[in-house]
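Trainee: I am attaching a structure below and will ask some questions about it afterwards.
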Amino acid sequence: MHRFANPAQFNRLADVVLPWAIGLTVLLSVAGLYYALFSSPPDYQQGESVRVMYVHVPAAWMGMFVYMVMAAASFTALVWRHPLALLAGKAAAPIGAIFTALALITGMLWGKPMWGTYWVWDGRLTSVLVQFFLYLGYMALWQAMEDEEKAGRAASILALVGVVNIPIIKFSVDWWSTLHQPASVMRLDGPTIDGAMLVPLFLMAAAYQAYFVVVFLWRMKLEINNRKLSVMRQASLQNTETQMEVAG
Amino acid sequence: MTEFLDMGGYAAFVWTAYGLSASALVWLLVSSRRKLTASVVAVDAARARRKGDN
């Protein structure tokens, strides 16, 4: 029974956090959108197209952040065999995949008017596309094997190998020539963009973070329920087999 | 209002970016919530069956 003790505790904690995370998601989204669309100035070079930044940059940050959550969960699952950690990776993957896809698509929609092209095969865009495929590969491995333990282990190993891509994404704009602009917020010497643009950017980033907490906790609870169902199904199968043996 | 919707001539790019972001995120939110609700119902039903068996 101690195997269920942990998920029960997790569910209790999730139920405390969830109402706050939902409230924050709504509040931060409304405030973030207000600043992003109404209360921030157009860029002196990019004009109104700069507003794409407020959905592009948070999605890109979250794509990387969720990947690190998934990788940390995979590491914990492989080293300590923690059953909840395995489910945490599985719960996080589709959220990270959506964020990464949105970073790519909104980036294309910003690139077309500013660079004159939707896509270039440079270090930044290519490494983010690789991250999207890593998410897809991780989810596909979960589906590919009947045995959940084996599937989870294979997916976790892929997630850990893919961590090498994270610094490549981060430093790609410094290492290789690119159309993509270099870091302007996450820099050692502080942000180089105007405060009036930092407000909507941080509000939207915080909204995306709160959104992640909500969907992640829901999906964790979902995965715990699915695990419970498969354990009960196995137990009832064994039960029927014993009954048949006794009867036979 | 028209000026706001026009986004300085970048309307097609700006509104598509916001529209796709909102639809994708809302879709994931709603589908996750639906799957969770369905799984709660399934666990309760399985528990009830188990009690019936014993």
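The values are calculated or read from the model by the stated rules, or taken from the named source; none is laboratory data. Remember, predicted model here, so these are calculated numbers, not experimental data. Because the Cβ atoms are built from the backbone with ideal geometry, glycine has one as well, and the counts that use them run over all protein chains shown. Protein only, heavy atoms only, side chains kept; ligands, DNA and RNA dropped before computing areas. Shrake-Rupley method; radii C 1.70, N 1.55, O 1.52, S 1.80 Å.
Trainee: Suppose every K and R has +1 on its Cβ and every D and E has -1 on its Cβ; what is the size of the dipole of chain B about the Cα centre, in Debye to the nearest 20? Display every interim value, and only then the final one.
Mentor: Values: 7 positive and 4 negative charges, 148 e Å.
For this selection, approximately 720 debye.
Trainee: What's the carbon and sulfur percent of chain A's accessible surface, probe 1.4 angstrom, rounded to a whole number? Present the calculation step by step, with values, prior to reporting the outcome.
Mentor: Numbers: 8520 of 12670 Å².
Using a 1.4 Å probe with all protein chains present, chain A comes out at 67 percent carbon and sulfur.
Trainee: Once both labels are modelled 7 Å past Cα along the beta-carbon direction, what's the residue B:41-residue A:189 spacing in nm?
Mentor: Distance between the two pseudo-spin positions: 5.9 nm.
Trainee: Heavy atoms of the protein only, probe of 1.4 Å, neighbouring chains included. What is the accessible area of residue B:44 in Å², nearest 10?
Mentor: 90 Å²
Trainee: Just the number please: accessible area per residue for chain B, 1.4 Å probe, all protein chains included, in Å².
Mentor: On the way: 3590 Å² over 54 residues.
Normalised by residue count, the accessible surface of chain B is 67 Å².
Trainee: Which lysines, on any chain, are close to residue B:51 with Cα under 26 Å apart, when same-chain ones fewer than 8 places away are left out?
Mentor: Result set, ordered by chain and number: A:221, A:228, B:35.
Trainee: From the alpha carbon gyration tensor of the protein assembly as shown, can you work out the equivalent ellipsoid semi-axes (sqrt of 5 times each eigenvalue) and give them in Å, largest to smallest? Don't skip to the end; give the middle numbers.
Mentor: Numbers: eigenvalues 362, 94, 50 Å².
One finds semi-axes of 43, 22, 16 Å for the protein assembly as shown.
Trainee: For the pair residue A:231 and residue A:121, what calculated FRET efficiency results from E = 1/(1 + (r/R0)^6), where r is the Cβ-Cβ distance and R0 = 51 Å, to the nearest 0.05? Could the numbers behind the result be given before it?
Mentor: Numbers: r = 47 Å, r/R0 = 0.92.
The formula returns an efficiency of 0.65 here.
Trainee: Rounded, prolate or oblate for the stretch A:1-108? Axes are the square roots of the Cα gyration tensor eigenvalues, ordered a ≥ b ≥ c, and the cut-off for rounded is a/c under 1.5.
Mentor: Numbers: a/c = 4.59, a/b = 1.95, b/c = 2.35.
Oblate.
Trainee: Please give the charge dipole size of the protein assembly as shown, origin at the Cα centre, charges +1 on K and R Cβ atoms and -1 on D and E Cβ atoms. Round to the nearest 20 debye.
Mentor: Values: 23 positive and 18 negative charges, 214 e Å.
That gives a dipole near 1020 debye.
Trainee: Oh, and also: I'd like to know which of A:70, A:151, B:22 lies farthest towards the positive end of the charge dipole of the protein assembly as shown, counting +1 on Cβ of Lys and Arg and -1 on Cβ of Asp and Glu.
Mentor: Comparing the listed Cα positions along the dipole, A:151 ranks first.
Trainee: Would you tally the net charge around residue A:176, using a Cβ to Cβ cut-off of less than 12 Å, leaving residue A:176 out, and scoring K and R as +1, D and E as -1?
Mentor: Numbers: positive: A:124; negative: A:122, A:174.
The answer is -1.
Trainee: Next question, about the same structure. At 15 angstrom or more along the helix axis (alpha-carbon based) and mean Kyte-Doolittle of 1.0 or higher, what helices does chain A contain? Whole DSSP H runs only. Kindly include the intermediate steps, with their values, before the conclusion.
Mentor: On the way: long enough: A:2-37 (51 Å, 0.81); A:53-80 (40 Å, 1.41); A:83-115 (47 Å, 1.21); A:123-144 (30 Å, 0.96); A:148-161 (20 Å, 0.49); A:195-247 (77 Å, 0.42).
Membrane-span-like by this rule: A:53-80, A:83-115.
Trainee: Taking the 0 to 90 degree range and rounding to the nearest ten, how far is the long axis of helix B:11-53 tilted relative to the main principal axis of chain B, both from C-alpha atoms?
Mentor: Between helix and principal axis, roughly 0 degrees.
Trainee: For chain A, what does -39500 (n - 2.57) per DSSP helix run (n ≥ 4), summed and divided by total residues, give at 222 nm, in deg cm²/dmol to the nearest 500?
Mentor: On the way: 7 runs with 197 residues, N = 248.
Theoretical 222 nm ellipticity from helices: -28500 deg cm²/dmol.
Trainee: Something else: Averaged per residue, what accessible area in Å² does chain A show with a 1.4 Å probe, protein chains only?
Mentor: Details: 12670 Å² over 248 residues.
Solvent-accessible surface per residue comes out at 51 Å².
Trainee: Which of the trypsin sites (Lys or Arg not before Pro) found in the stretch A:1-104 are in a DSSP loop and have at most 12 neighbouring Cβ atoms, other than their own, within 10 Å?
Mentor: Of the trypsin sites (Lys or Arg not before Pro), the ones in loops of the stretch A:1-104 whose Cβ has at most 12 other Cβ atoms within 10 Å are A:81.
Trainee: Please compute the net charge surrounding residue A:128, taking Lys and Arg as +1 and Asp and Glu as -1 over other residues with Cβ under 14 Å from its Cβ.
Mentor: Surrounding charge for residue A:128 is +1.
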